[in-house]
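The values are calculated or read from the model by the stated rules, or taken from the named source; none is laboratory data. The shown structure was predicted, so the numbers you read here are calculated from the model rather than taken from an experiment. Positions of Cβ are generated from backbone atoms using ideal geometry, with glycine treated the same way; all protein chains shown enter the neighbour counts. Side chains included, ligands, DNA and RNA excluded: accessible areas come from the protein's heavy atoms. Shrake-Rupley method; radii C 1.70, N 1.55, O 1.52, S 1.80 Å.
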Amino acid sequence: MLFFKLTWESFRFAISALKTNLTRTILSLLGVTIGIFAIIAVFTLVDSLEKNIKSSFSFLGTNVMMVDRFPFANGPQDYPWWKYFQRPPGTVSEYEFLQERLTSAEGVTISASSNTTVKAGSNAYQGMSLTGVVYSYQDVYEISLEEGRYFTQSEINASRNMAIIGRKIASTLYPNQEILGKEIKIKGGKFTVIGVFEEEGEGLFDMGSKDEACLIPYGAFSKMYYTGRNGLEPSIAIKGMEEDIGLVALENELTGLLRAKRGLKPREEDNFALNKTEFIQNAIGSVFDVISVAGWVIGGFSILVGGFGIANIMFVSVRERTNIIGIQKSLGAKNYFILFQFLFESICLSLIGGITGIFIVYCLTFLQFGSLEISLSLSNIILGLGVSTIIGVVSGIVPASLAARMDPVEAIRTT
């Protein structure tokens, strides 16, 4: 109880000292405020930007591997694109082969896409992303519908002229009207709308936005577009099991099956690439890691200046209160009480600066920066408070230690 009582007394002394020298307090915490603001602002912007960019690539799915001709992993240097260009594209036959034999996959699908214009009466929407899909498309990619339903297996097999469209397309073609059951025209063909995607809204990038997408059966798509080597190349995608960390088992099994299907000899190299969607997200994350380091460097200099300012103020405070320290020690105050008294003052000073910097960042989250949504995470708040506390301890430990080791008689005599 005595320890807690003395600790509370130390806090009271610290707050009282900060109130007494208000102007000095404000000036000394500016450095910490700017430093914490710089670090937390950079981290908040980096986290928000990374979140927005990764959400823009959400259409690629999670835990998904794609069979392509060109690999993701290679950089621009020494990239033998001419060799990859000669590789054969994926085919419906390979999709059916993999669907029958793969055991370490939750789903296998094939699709092909193109941009086109869709019409309904006198209304038209340009730049629509048209994708021909099979029934298993929903097993690999998330299909969130606001209205209607997904295709049935019989509709896919019969290549029915049915479509699932995005909310932006629906609002343009049939404004303020019920869209389900209505007809739209795609490349002269009439399609019946059976579903509408959930609205996603504007993102940092418009890549893969369901608001401007349209799904139709793969057979219906093949009637309008030539798919294959000299046409629109279909894409085979496979969703791995959740317990398959890194998709290692899927990659090994998929490699063996594709080599067998394509008749590759043991010494022949693969004529396909297995691309993981996580590669893009990891590449994005590595870029933002570098930016985060830059944020630490920028904010670190400001915090260093703020820390020196707090240390200087604490040395002055110790000198001003030398007589009081002598009186307290002569009345029985322990060394740790004097130490805590000045250390808490330094920490309080640093925390006030840190909280102010965090509050400024929080105010920035209410501003609109185009389609970029900025949010201050709890982890960044804890980081800011933690850094502020450390700076307070480091800046105040030396002055507090000098005060704690003072001789009471010499301290009382000091003028």
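Quick look at the values:
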{"item": "Matching option when the condition is under 19 Å from Val32 (Cα atoms) and either in a helix (DSSP H, G or I) or of a type in the set (Gly, Ala, Ser) (or both), among Ile327, Ile347", "result": "Ile347"}
{"item": "Segment 77-107, residues that are open to solvent by 80 Å² or more (accessible area, probe 1.4 Å), in a loop (DSSP other than H, G, I, E, B) and under 21 Å from Leu247 (Cβ atoms)", "result": "Thr103"}
{"item": "Of the criteria (1) farther than 20 Å from Ile381 by Cα; (2) surrounded by 17 or more Cβ atoms within 10 Å (Cβ to Cβ), which one Ser350 fails", "result": "(1)"}
{"item": "Residue within segment 337-357 that is in contact with a helix residue (DSSP H, G or I) (Cβ under 9 Å, 6 or more places away or on another chain) and free of Cβ contacts under 8 Å to residues at least 40 places away in the same chain present", "result": "yes"}
{"item": "Hey, Gly195 on the phi > 0 side of the Ramachandran plot and among the small types (Gly, Ala, Ser) or not", "result": "no"}
{"item": "Single unsatisfied condition, Ala333 versus (1) assigned to a helix (DSSP H, G or I); (2) free of Cβ contacts under 8 Å to residues at least 12 places away in the same chain", "result": "(1)"}
{"item": "Residue that is nearest to Lys19 (Cα to Cα), among those in segment 307-329 that are of a type in the set (A, V, I, L, M) and out of contact with any helix residue (DSSP H, G or I) (no Cβ under 6 Å at 6 or more places or on another chain)", "result": "Val316"}
{"item": "Test: Leu367 is at pLDDT below 85 and surrounded by 19 or more Cβ atoms within 10 Å (Cβ to Cβ)", "result": "no"}
{"item": "Selection count, segment 212-247, where residues are open to solvent by less than 80 Å² (accessible area, probe 1.4 Å) and either among the aromatic types (Phe, Trp, Tyr) or part of a helix (DSSP H, G or I) (or both)", "result": "10"}
{"item": "In segment 396-413, residue modelled with the highest pLDDT [restricted to those that are open to solvent by 50 Å² or more (accessible area, probe 1.4 Å) and either in contact with a Lys or Arg (Cβ under 8 Å, 6 or more places away or on another chain) or over 23 Å from Gly35 (Cα atoms) (or both)]", "result": "Leu402"}
{"item": "Residue count, segment 314-333 (criterion: hydrophobic (A, V, I, L, M, F, W, C) and open to solvent by 30 Å² or more (accessible area, probe 1.4 Å))", "result": "5"}
{"item": "So Val393, is it touching a residue at least 40 places away in the same chain (Cβ under 8 Å), of a type outside the set (Asp, Glu) and open to solvent by 60 Å² or more (accessible area, probe 1.4 Å)", "result": "no"}
{"item": "Candidates Ile110, Ile39, Ile53 - the one that is touching a Phe, Trp or Tyr at 6+ places or on another chain (Cβ under 8 Å), open to solvent by less than 70 Å² (accessible area, probe 1.4 Å), modelled with pLDDT under 70 and of a type in the set (A, V, I, L, M)", "result": "Ile53"}
{"item": "In segment 14-36, residue nearest to the chain's Cα centre (by Cα) [restricted to those that are among the small types (Gly, Ala, Ser) and at pLDDT below 70]", "result": "Ser28"}
{"item": "Selected residue (only one of Glu345, Glu410, Glu373 is more than 40 Å from the chain's Cα centre (by Cα) and acidic (Asp, Glu))", "result": "Glu410"}
{"item": "Subset of segment 130-149 [farther than 18 Å from Tyr218 by Cβ, out of contact with any Asp or Glu (no Cβ under 7 Å at 6 or more places or on another chain) and touching a residue at least 60 places away in the same chain (Cβ under 8 Å)]", "result": "Glu142"}
